[in-house]
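The values are calculated or read from the model by the stated rules, or taken from the named source; none is laboratory data. Values in this document were obtained by computation on a predicted structure and should not be read as measured data. Counting neighbours? That spans all protein chains shown, and the Cβs are built from the backbone with ideal geometry, glycine included. In case anyone asks, the SASA skips ligands and DNA or RNA and just uses the protein heavy atoms, side chains included. Shrake-Rupley method; radii C 1.70, N 1.55, O 1.52, S 1.80 Å.
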Amino acid sequence: MSANERLMLEAVRHRLLLLRYSNSQANAMIKLLQQARPSIWGKVLEKIIILNIGNMSPARLQTIARAVLSQVKSEYQAIYLALEKELAAFAQAETTYYHQQLTGTPGIAEIMEVKGAQVALADHKQVLESSLDKPIQNLALKGWFDKLPADTTAAIMRGVQQGVTQGKSTMQIINELKASGTMGNAERNLATIVHSSISHVAADARERTAQANEDLIKERLWLSTLDNRTSPMCIVRDHVRYTMKQPIMPVVKGDPPYGAGPGKLHFRCRSVETWILRSWDDMAPGGDVSKRTRASLDGQVPEKMNYRQWLEERASIAVQDEVLGIVRAELLRAGKLKVGDFYDDGKMISLSELYKKHPEAMK
């Protein structure tokens, strides 16, 4: 297996780990928002009682809105600080990962010895700063943590105003707000920003590692997650090769433009990219390297393979067990089910649901 093929397979594996990590952090931040619900509803209730629901003028509704916004902003600020702390640790971990990935690629150690150099480690602090400052769909992360409270407050106030107009009591308004799904929407919006911010950090860590080692990397290869949640924008870019130099352009004229890049192209973008290394002669002209290194670093561009194919055909037993769980992995290896059978709408279904859908395979 060539160095380029190993890099691609590792990129596919790492994408799965990133998705798991992203899900866990989104759930952690949602939990913080859920813990803030009593404080938010309490502030709404307090202001309605103080200002007298029976005499609720537009000015008094504005007073309630300002108080609620202040409370909601305070809760989101605490979430932002928790997320920022987590992103700082993640940025350091990702820069270390990409450095180790490149250092451990077959042939690279020997090439670097010939060059009398080392694989460069990107600055994780620069990765974090870049990720916090660069826009996620037109707004930097801090900007989203200004917009999310404003959107949540606006939804709450629509419910308050509707209740006042319909002559409902204070507790009727509060109970209907709780049942309205307003906070559910807020949780989904927060999860989207958390997922996207993690994708941005991972993409920046990968990009800064590549820039610091541009003498080793020739091109980049886009890898999309091919399931029923993948956007058309990512589907058409899957396995498209792009230049390393700025501005980033498709290697083949007429292929889709790079845009913001994998992980940044849109909200919750799950695409990643792998690197296509230079040949041994490009990296160390005239250098004396082993035949094995030369063969590894002159490997072909990786063949087109999606995640399902990789898990079914290339992943080890241990990796299959880790990804699918032992029961599902054994069903896969026995040829009773395919990877796609374990997922519905991009999410893994439970074993009980799997039994209902495929009773014969589960025997």
Provide the FRET efficiency to the nearest 0.05 for the Arg158-Met233 pair, computing r from the beta carbons and using R0 = 56 Å. 0.95
Compute the distance in nm between two label points, each set 7 Å from the Cα along the Cα-to-Cβ direction, one at Val327 and one at Glu46. 4.8
If you find the alpha carbon centre of region 46-122 and of region 171-201, how far apart are they in angstrom? 16
With every protein chain left in place and a probe of 1.4 Å, what is the accessible surface of Glu176, to the nearest 10 Å²? 90
Percent accessible area from carbon and sulfur atoms, the chain, protein chains only, probe 1.4 Å: 51
Dipole of the chain [Lys/Arg +1, Asp/Glu -1 at C-beta], most positive-end residue of Phe90, Gly54, Gln172: Gly54
Expressed in nanometres to one decimal, the distance between label points 7 Å along Cα→Cβ at Glu84 and Glu312 is 4.7
Normalising by the residue count of region 1-109, find the relative contact order in percent from Cα pairs under 8 Å and 6+ residues apart. 41
Mean Cβ-within-10 Å packing, highest first, puts peptides 199-210, 161-172, 4-15, 182-193 in the order 199-210, 4-15, 182-193, 161-172
Subtract the Cα-Cα distance of Glu214 and Ser39 from 0.36 nm times their separation in residues, and report this length gain in nm to one decimal. 57.9 nm
Out of Trp41, Met244, Leu132, whose Cα points farthest toward the positive end of the dipole of the chain (charges: +1 Lys, Arg; -1 Asp, Glu; placed on Cβ)? Trp41
In nanometres, the difference between 0.36 nm per residue of separation and the alpha-carbon distance of Asn27 and Asp281 is 86.7 nm
Contact order relative to length for the chain, counting C-alpha pairs under 8 Å separated by 6 or more residues, stands in percent at 23
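Report, in debye and to the nearest 20, how large the dipole of the chain comes out about its Cα centre when Lys and Arg carry +1 and Asp and Glu carry -1 on their Cβ.
Approximately 1180 debye in magnitude.
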Arranged from highest to lowest average of other beta-carbon atoms within 10 Å per residue, in what order do the peptides 328-336, 212-220 appear? 212-220, 328-336
Which of Val194, Val114, Val127 moves most in a GNM of the chain, Cα contacts under 10 Å? Val114
Label-point separation, Lys356 to Gln100 (7 Å along Cα→Cβ), nm: 4.1
Would you please put 100-108, 17-25 in order of how densely packed they are, using the mean number of other Cβ atoms within 10 angstrom per residue and starting with the highest? 100-108, 17-25
Compare Lys43, Lys142, Lys357 by solvent-accessible area with a 1.4 Å probe and give them largest first, with all protein chains kept in place. Lys357, Lys142, Lys43
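Hey, can you list the DSSP H helices of the chain whose Cα span along the axis is 30 Å or longer and whose average Kyte-Doolittle score is at least -1.0?
3-51, 58-103, 141-165, 182-212
Determine, from the Cβ-Cβ distance of Lys245 and Ala150 and an R0 of 45 Å, the FRET efficiency 1/(1 + (r/R0)^6), rounded to the nearest 0.05.
Efficiency at R0 = 45 Å is approximately 0.65.
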By the C-alpha gyration tensor axes a ≥ b ≥ c (rounded if a/c is under 1.5, else prolate when a/b exceeds b/c, else oblate), the shape of the chain is prolate
Let me check something: with ligands and nucleic acids excluded, how do Trp41, Trp222 order by accessible area (1.4 Å probe), largest to smallest? Trp41, Trp222
Mind checking which lysines have their C-alpha under 19 Å from Lys43, skipping anything on the same chain fewer than 8 residues away? Lys73, Lys168, Lys178
